[in-house]
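Down below is the structure, laid out as structure tokens.
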Amino acid sequence: MSRLRLLTRNKLALTGAVAAALLVLIAVCAPLIAPYDPARPDFTAALRPPGWTHWLGTDDLGRDQLSRVVYGVRASLQIGLLAVALAFAAGVPLGLIAGYYGRFADSVVSRLTDTLLAFPFLVLAVGLATILGPSLLNATIAVGVSQIPAVIRITRAETLRLKHLDYVAAAVANGGGDGTVLFRHILPGALSALTVQATVGIPTAIIGEALLSFLGLGVQPPSPSLGVMLSSAQAYIAAAPWMAVFPGLAIIAATLAFNLLGDGLRDILDPQGDSR
């Protein structure tokens with residue numbers, strides 16, 4: 001059975017894939033979807049509840065919540081995708097080197113990984129963002145670096161498993177160089193596990209971005225961000241609960257969509273997935 005058919009038969013994975021695709025579409029088409037300028041205040045419409053003019057209401061400065069949520073989703077997905085790309089760009093080569101060469105290389109990379117893993121993900125991200133300074137770029141770097149250890153461990157484990165297989169040994173016996181063996185034989189075999197890790201890493205990065213922006217270490221006002229919106233909503237949680245509800249629901253929807261997709265891909269790409 002093809003993997004596409006397996007995906008369509010897995011209802012939760014299919015739901016996650018559709019929701020994730022919809023969120024990406026919203027992020028890409030944000031300028032076309034947002035009915036108002038997300039950063040433009042309108043003090044005559046401050047704290048207006050959801051209605052026909054402003055479907056999700058307005059905030060304390062009269063800015064349209066729907067427009068800000070749409071652009072907030074865009075910022076979250078941007079950081080999520082770029083942070084995961086950064087983690088893979090650094091983590092995959094290190095994991096390949098550690099797993100393939102072993103000994104000194106493995107020892108050095110493993111000690112580096114253990115050092116980073118000694119700090120919880122969010123603590124490490126907050127610490128790095130504090131050192132680098134508050135900005136969208138620095139938040140992306142902080143979240144990406146915090147995900148490198150997980151990528152290294154998965155790549156290393158897959159390399160250790162694959163390098164002893166017959167087709168890899170045959171490639172070495174036929175005179176294949178280290179680069180050829182690593183990138184033409186081992187890395188393609190590890191793509192399934194790495195794909196699942198990517199879909200799991202994106203929601204983690206989204207939560208990391210929301211936390212950093214909530215603390216003032218990520219996206220800076222007046223630029224819209226789901227974390228910034230939640231931070232602004234604290235003072236109005238009783239008078240204008242919609243200021244917190246809709247950004248919170250957007251974060252939940254984004255993380256749930258990619259988690260469902262990741263769980264489904266894990267079942268589909270697992271070599272023994274057909275037996276379950």
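Take every Cα pair under 8 Å whose residues are at least 6 apart in sequence, average their separation, divide by the length of the range 27-70, and the relative contact order is 41 percent. Between the range 163-189 and the range 45-90, what's the alpha-carbon centroid distance in Å? Their Cα centres are 46 Å away from one another. Between PHE119 and TYR167, what FRET efficiency follows from the Cβ-Cβ distance if R0 is 45 Å, with the result rounded to 0.05? With R0 = 45 Å, the Cβ-Cβ based efficiency is 0.70. Note on SER135 and ALA46: the extension gain reaches 29.3 nm, defined as 0.36 nm multiplied by sequence separation minus the Cα-Cα distance. Computed log10 I(q)/I(0) for the chain at 0.10, 0.12, 0.16 Å⁻¹: -0.61, -0.81, -1.18, from the Debye equation with unit scatterers placed on every C-alpha and solvent omitted. Largest first, the extents of the alpha carbon coordinates of the range 1-145 on the three principal axes equal 67, 50, 22 Å.
Seen against the Cα atoms of the chain and their longest principal axis, helix 187-214 is set at about 30 degrees.
The C-alpha atoms of the chain define a longest principal axis, and helix 136-162 lies at about 30 degrees to it.
Computed from Cα positions, the angle between helix 65-101 and the longest principal axis of the chain comes to roughly 20 degrees.
For the range 154-230, what is the charge dipole size about the Cα centre, in debye to the nearest 20, if Lys and Arg each add +1 at the Cβ and Asp and Glu each add -1 at the Cβ? Intermediate results must be reported in sequence, preceding the final value.
Details: 4 positive and 4 negative charges, 22 e Å.
For this selection, approximately 100 debye.
Heavy-atom accessible area with a 1.4 Å probe sorts THR113, THR44, THR15, largest first, into THR44, THR15, THR113. The residues packed around LEU182, meaning those with a beta-carbon under 13 Å from its beta-carbon, carry a net charge of +1 if Lys and Arg are +1 and Asp and Glu are -1. When you restrict to C-alpha pairs under 8 Å that are six or more residues apart and normalise by the size of the chain, the relative contact order lands at 26 percent. Evaluated with a Cβ-only charge set (Lys, Arg +1; Asp, Glu -1), the range 49-203 carries a dipole of roughly 240 debye about its Cα centre, given to the nearest 20.
The values are calculated or read from the model by the stated rules, or taken from the named source; none is laboratory data. Here the structure is a predicted model, which means the values were calculated and not measured. As a convention, Cβ positions derive from the backbone with ideal geometry for all residues, glycine included, and neighbour counts pool all protein chains shown. Ligands, DNA and RNA are excluded from the accessible area calculation, which covers all protein heavy atoms including side chains. Shrake-Rupley method; radii C 1.70, N 1.55, O 1.52, S 1.80 Å.
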